[in-house]
Amino acid sequence: MKTLDIYPLMIKKSRDFKYYFTLSLLLSILILPSCWKLEGNTDKTINLNLKDFSISNDSLACCIWLKNNSKKKRQIKSILYSCGCMSGKVSGSEIPIEDSVNIKFVINNPKHDTLLQKSIYVVYTDNSKQDINITLHPKYTFAVLPKSKSLFFNNCIKGNRYNDSITIINTGNSKLKITDYSISNKFFNMQILSDSTIAPNSKIILPVNFRATSKGLYNGHILLHTNDVSTPKLQFWLYATIEN
């Protein structure tokens, strides 16, 4: 059995618990790495999923509290990591019954746009080994303009070309890629670069134009394919009118 809870700081009861809790929470936000409390038998595999992780200075710093729920104290012999990109330290080698140790670790240069799988191996003095498997899910968040996801070309004159644009702003911490696109109506056109990668805190402007040769109403849509697992497709509606 295992549980996963946010556990930013160990807090002792005091006469002014609210003050200490507020101060501890503030310190955990400002200076401490993200910390997860893992409760489970220390001789079983633990799977830890970190979603929407944040990267600072090209590294990801975390800490976990590992609790001994077995019926005997455990003695840590060594901590091993699945790759040279990881390093860390443990707060103590001995884990009394119902007590915990803190393992702090850093993953250097994690890829911003790729799901990562890493492992920490806890080796005990009885030569048993515990695997802590870590899966990191990159964070994708973005904004689009226009917010309505619709473009209107009204009162157009036959034969003329009219221009507008779609703006995609990457507000996440991972590279956002437009991997493909399609347009449902041949009278609309969009210009897009072959490598449409949007870095964090950046944006891309996609010019869209309309041109038709006869009077009438036109509609269609643009479908963008992205590397965002939660939003793999973005659809924008297109409307136009030619009155003469």
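Nothing in this text is a laboratory measurement; each read-out follows from the coordinates by a stated rule. Predicted model only: the values in this text are computed from it and were never measured. Positions of Cβ are backbone-derived with ideal geometry, glycine not excepted, and every protein chain shown enters the neighbour counts.
Apply 1/(1 + (r/R0)^6) to the Cβ-Cβ distance of THR171 and SER194, taking R0 = 35 Å, and write down the FRET efficiency to the nearest 0.05. In this case the efficiency is close to 0.90. Counting only DSSP beta bridges with both residues in segment 142-242, the antiparallel share comes to about 90 percent. Among TRP237, TRP65, a tally of other beta-carbon atoms within 10 Å of each Cβ gives an order, fewest to most, of TRP237, TRP65. When the trypsin sites (Lys or Arg not before Pro) in segment 61-90 are filtered for DSSP coil states and for at most 15 other beta-carbon atoms within 10 Å of their beta-carbon, the remaining sites are LYS71, LYS72, LYS73. Available extension along the chain between SER78 and ASN133 is 18.1 nm, counting 0.36 nm per residue and deducting the alpha carbon span.
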